[in-house]
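Working notes for the structure below.
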Amino acid sequence: MGAVIYPKIAVIGCGLIGSSVIRAARERGVVDFVAVADASATHRDRIVELGFADLVTGDIAEAVAEADLVIFAVPVLAMGEAAQAAAPAMKPGATATDVGSVKGSVAEALAAALPDSVFIIPGHPIAGTEHSGPDAGLAELFENRWVILTPQPRQDDAYLGAVVRLAEFWQGLGANVEQMDDRHHDLVLAVTSHLPHLIAYNIVGTAADMEEVTQAEVMKYSAGGFRDFTRIAASDPTMWRDVFVANKDAVLEILGRFTEDLQALSRAIRWGEADKLHELFTRTREIRRGIIAAGQESAEPNFGRDRGKH
């Protein structure tokens, strides 16, 4: 059990990440009191049954009252509305953060909605599964994963202290913490997460639309690569819809580069340029080995669960 870092936290939205934060914070003893606000009555009832929150409500203002840390864990296009609902009740000196996969637009939405007396420190834990809802949370989800913080360009001691405190909170959940500019974050994530998800959604959709191959055949004869794509493509559609709308500039930039590379690969296959293909496959294999060496080979930790069921 660690030392308490925030006496009271409020989590707005209790899906995979929100419920994982609560489970991890409870297990590691870094909070005393947890309030949860969720728009879904079904979710609220389930959170009460699970018993991991001290206060469960549909009222965001009620949840954030007297909270030392407020974590917005809603889809990125809903951040501004959630922050507006929280703003009147947030106490001065509290920290507001989020867990969204896009940082530029979220930072702007939080800054526009929240009072100057609140420390706004956008964040993004690079962890997750394709599952959603309060039952999907894992206390171990953040272990040895990266959390990226994108602080505002402030240098006052109080704000810098709030950044250090939030980093200690995430480290208390087992994560590694990095800081970067929000626009750079969005470009990096467009490469490492958003484009792969877009490809997965597209290739699974292509397979489903092929008249020459039945859906039963797609399911029956799926090789490992296609199964991996279907796992990614099973992710929360609302969350990913919002990601692509909110991060469209970075995604379109990376998608343009990807399209050019794909056309070059198509030409190499068409003209039988085996050396070019071998060079590419060799280079990409080294990237995979580097990911494994860094301990980041899986976005979904396997804690004794049968991954074949997911």
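Rank these for me by crowding, L50, L262, going from fewest to most other beta carbons within 10 Å.
With the sparsest Cβ surroundings first, the list reads L262, L50.
Once you have the Cα-Cα distance between D135 and H278, take 0.36 nm times their residue separation minus that, and quote the gain in nm to one decimal.
Between D135 and H278, full extension yields 47.1 nm more.
Once each part is reduced to its C-alpha centroid, what is the distance from region 113-181 to region 51-71 in angstrom?
The two parts, judged by their Cα centres, are 18 Å apart.
Whole-Hz ³J(HN,Hα) for each residue in region 228-241, computed from phi via Karplus 6.51 cos²θ - 1.76 cosθ + 1.60 with θ = phi - 60°, x for glycine and proline: what do you get?
Whole-Hz 3J(HN,Hα) from phi for region 228-241: 4, 5, 5, 5, 5, 6, 8, 5, 3, x, 5, 4, 6, 4.
Got a sec? How would W240, W271, W170, W146 order by Cβ neighbour count within 10 Å, fewest to most?
Details: W240 21, W271 9, W170 24, W146 16.
Ranked by crowding around the Cβ, least crowded first: W271, W146, W240, W170.
Enter the mean projected area of the convex hull around the alpha-carbon atoms of the chain, in nm², rounded to one decimal.
The orientation-averaged projected area of the Cα hull of the chain comes to 17.9 nm².
Computed FRET efficiency, Cβ-Cβ of R154 and R26, R0 45 Å: what is it to the nearest 0.05?
Result of the calculation: an efficiency of 0.90.
Assign one of three labels to region 184-301, namely rounded, prolate or oblate, based on the Cα gyration tensor with a ≥ b ≥ c the square roots of its eigenvalues; rounded applies when a/c is under 1.5, prolate when it is not and a/b is larger than b/c, and oblate otherwise.
Verdict is rounded for region 184-301.
Principal axes first, then extents: for the Cα atoms of region 6-180, list largest minus smallest coordinate on each axis, whole Å, largest first.
43, 35, 29
Would you list which lysines come within 27 Å of K8, measuring only between C-alpha atoms, while excluding same-chain residues fewer than 8 positions from it?
Straight-distance partners of K8: K91, K103.
Please compute the net charge surrounding A39, taking Lys and Arg as +1 and Asp and Glu as -1 over other residues with Cβ under 12 Å from its Cβ. Show your work: numbers first, answer last.
Details: positive: R44; negative: D38, D59, E81.
Its environment carries a net charge of -2.
Given the peptides 255-261, 188-194, 40-46, 228-234, arrange them by the average over their residues of other C-beta atoms within 10 Å, most packed first. Mind dumping the intermediate values first?
Working: 255-261: 12.1, 188-194: 19.4, 40-46: 14.9, 228-234: 17.4.
Answer by packing, highest mean first, reads 188-194, 228-234, 40-46, 255-261.
Which of M180, M239 has the fewest other C-beta atoms within 10 Å, and how do the rest follow up to the most?
M180, M239
At 7 Å along the Cα-to-beta-carbon direction for both I203 and Q215, put a label point, then send me their distance in nm to one decimal.
Roughly 2.1 nm, to one decimal.
Pulled fully out, how much extra length does the chain show between I291 and V191, if you take 0.36 nm times their separation in residues and subtract their Cα-Cα distance?
Full extension from I291 to V191 adds 34.6 nm.
Quick check: residue separation of A39 and T238 times 0.36 nm, minus the Cα distance between them. What number comes out in nm?
That works out to 70.2 nm of additional length.
P75: net charge of surrounding residues, Cβ under 9 Å, Lys/Arg +1, Asp/Glu -1, itself excluded?
-1
Where Lys and Arg each count +1 and Asp and Glu each count -1, what net charge lies around D116 among other residues with Cβ under 12 Å from its Cβ?
Net local charge, D116 excluded: 0.
Can you list residues whose amide H is under 5 Å from V11's amide H, if they're 5+ apart or on another chain and H is modeled 1.01 Å from N?
A35, V36, A37, I71
Which value in nm describes the separation of the simple spin-label points at V245 and L265, placed 7 Å from the Cα toward the beta carbon?
3.0
Report the antiparallel proportion of the DSSP beta bridges in the chain as a percent, rounded to a multiple of 5.
Roughly 10 percent of the beta bridges in the chain run antiparallel, per DSSP.
Using modelled backbone amide H atoms (1.01 Å from N, in-plane), which distant-in-sequence or interchain residues come within less than 5 Å of V31's amide H?
I5
Return the sequence-ordered ³J(HN,Hα) values of region 246-251 in whole Hz as given by the Karplus equation 6.51 cos²θ - 1.76 cosθ + 1.60 applied to θ = phi - 60°, using x for Gly and Pro.
Values per residue, Gly and Pro as x: 6, 10, 4, 5, 5, 5 Hz.
Which value at 222 nm does the chain reach when only helices count, each DSSP H run of 4 or more adding -39,500 (n - 2.57), with the total divided by all residues and rounded to the nearest 500 deg cm²/dmol?
-15500 deg cm²/dmol
Bear in mind that the values in this text are calculations on the coordinates, not laboratory data. All figures in this text were calculated on a predicted structure; none of them were measured in a lab. Cβ sites come from the backbone with ideal geometry, for glycine too, and all protein chains shown count toward neighbours.
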